[in-house]
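Working notes, beginning with the structure itself.
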Amino acid sequence: MDRTVTTRIDQERCTGCGLCVEVCPSDTITMKGKKASVTGTESLNCGHCAAVCPSGAVKVTGLDPTLSTFKTFEARESWLPHGQGSIQDLVHIMQSRRSCRNFQTEKPVEKDLLEDLIKIGVSAPSGSNCQLWSFTILSHREAVLRLAKMVGGFFQRLNRTAEKGWLRKILRLIGKPELEVYYREYYRRVREGLEEWENQGTDILFHGAPAAIVVGSKRQAACPAEDALLASQNILLGAHGLGLGTCLIGFAIEAMRRDKSILRRLGMPDDERAYAVIALGYPNEKYRRVAGRKQALVRYFE
Ligand SMILES: Cc1cc2nc3c(=O)[nH]c(=O)nc-3n(C[C@H](O)[C@H](O)[C@H](O)COP(=O)(O)O)c2cc1C
Ligand code: SF4
């Protein structure tokens, strides 16, 4: 993990308040005399020191200075204190985001929007702040269809394998029941979907989405799955706010997990794994109200 120290302190501006030392999670900064000084050999590069300094004396040069500049809307750079944001607006977006399964296929998604969504994505937390996520943008329908074909091809092959009853039986007997489970739970649905796709041209996989983002992580990340999925949730919510519909495509993830050649064809190197495929586009659907959820399993440990 890269822990290079990129913290710089302007000694002229530093008033010696000590706030940056207090907030630093990796002991990168200490007080030397009446001024803060970079003495540590490692840094999380989290930028808490720069964010807390009242005199703007701290810079963390390893951070992308453009991340708060969006192309499609103006973001506020000031920090919002705890309890002061509109929880009503936040929950309204969360509950209004629904999986979109009817996209305006002919209406492309502007690249500026897609790039802004990545910036929204990376404001998520990440294990050890390693931020070793990756975002592969499929910016037009043809690219989405090429991925859909790869995924469809994988499921055609899987269904042909699952049809072999003797193979399912042998695998079950040697303690590998996965093919049997797949046959029982998914085989028929996948076969019907593939037939519908072939005969009627219905895009059962990406629901006609004109764009997609594959969210991955480097294997060496501290928490690769969590990082990628937290960034993905940010993207889903941000997309709703920007007028776009989204749908997570778990079937595509399953195919990429089992057939690494799909990742390679997308340009993802062998040290990356995909955790979310987000279909994106302008929605062809509207709802009248938010819907509920099932009762959650909640317990107290006291
Ligand atoms: C990991 C994961 C995989 C999913 N895969 C698919 C998928 O392949 N196709 C699809 O139409 N929806 C997929 N969904 C969407 C879920 O069906 C959806 O989130 C759920 O029904 C709740 O509805 P909502 O998202 O509209 O609130 C997936 C969701 C998750 C979290
Ligand atoms: S927060 Fe800023 S002013 Fe305070 S000690 Fe650190 S660098 Fe100096």
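The values are calculated or read from the model by the stated rules, or taken from the named source; none is laboratory data. None of these values were measured; they are calculated from a predicted model. All Cβ positions, even for glycine, are placed from backbone atoms using ideal geometry, and neighbour counts span all protein chains on display. Please note that ligands, DNA and RNA were not included when accessible areas were found on the heavy atoms of the full protein model with its side chains. Shrake-Rupley method; radii C 1.70, N 1.55, O 1.52, S 1.80 Å.
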Cysteines without a disulfide-compatible partner in the chain, using Cβ under 4.7 Å as the rule?
14, 17, 24, 46, 53, 100, 130, 223, 247
Report, to the nearest whole %, how much of the accessible area of segment 149-215 belongs to carbon and sulfur atoms, 1.4 Å probe, protein only.
51
Suppose every K and R has +1 on its Cβ and every D and E has -1 on its Cβ; what is the size of the dipole of segment 146-200 about the Cα centre, in Debye to the nearest 20?
260
Sequence-separation-based contact order of segment 7-60, relative, with Cα cut under 8 Å and 6+ spacing, percent
43
Peptides 249-262, 69-82: what's the order by average Cβ count within 10 Å, highest mean first?
249-262, 69-82
Would you work out the relative contact order for segment 146-200, in percent, from Cα pairs under 8 angstrom that are 6 or more residues apart?
36
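Please state the shape class of segment 146-200: rounded when a/c is under 1.5, otherwise prolate if a/b exceeds b/c and oblate if not, all from the C-alpha gyration tensor.
Prolate.
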Choice from 88, 220, 104 with maximal GNM fluctuation in the chain (Cα, 10 Å cutoff):
88
Treat segment 7-60 as a sphere of radius equal to its Kirkwood radius over Cα pairs and apply Stokes-Einstein at 10 °C in a medium of 1.306 mPa s; give the translational diffusion coefficient in µm²/s, rounded to a whole number.
150
For segment 7-93, with all protein chains present and a 1.4 Å probe, just round the carbon and sulfur fraction of the accessible area to a whole percent.
53
Rounded if a/c is under 1.5, else prolate if a/b is larger than b/c, else oblate: which is segment 91-171, with a ≥ b ≥ c the root eigenvalues of its Cα gyration tensor?
prolate
Students sometimes get this wrong: rank 128, 139, 232 by accessible area, probe 1.4 Å, all chains present, largest first.
128, 139, 232
27, 227, 271, reordered so the largest accessible area comes first (probe 1.4 Å):
27, 271, 227
Label point distance in nm, residue 142-residue 13, each placed 7 Å from Cα along Cα→Cβ
4.8
Note to self: C-alpha centroids of segment 7-71 and segment 179-218 sit apart, in Å, by 48
Each label point is 7 Å from the Cα along the Cα-to-Cβ direction; what then is the distance between the points at residue 163 and residue 91, in nm?
5.2
Just the number please: accessible area per residue for the chain, 1.4 Å probe, all protein chains included, in Å².
62
Over the chain, the sum of -39500 (n - 2.57) across DSSP H runs of at least four, divided by residue number and rounded to 500 deg cm²/dmol, gives at 222 nm -11000 deg cm²/dmol
What aspartates and glutamates sit close enough to residue 164 to cross-link, taking a C-alpha to C-alpha distance under 17 Å and skipping anything fewer than 8 places away on the same chain?
178, 180, 185
From Cα pairs below 8 angstrom and at least 6 apart in sequence, can you work out the relative contact order of the chain, rounded to a whole percent?
21
Radius, Kirkwood style, for the chain when every pair of distinct Cα atoms is counted (Å):
22.4
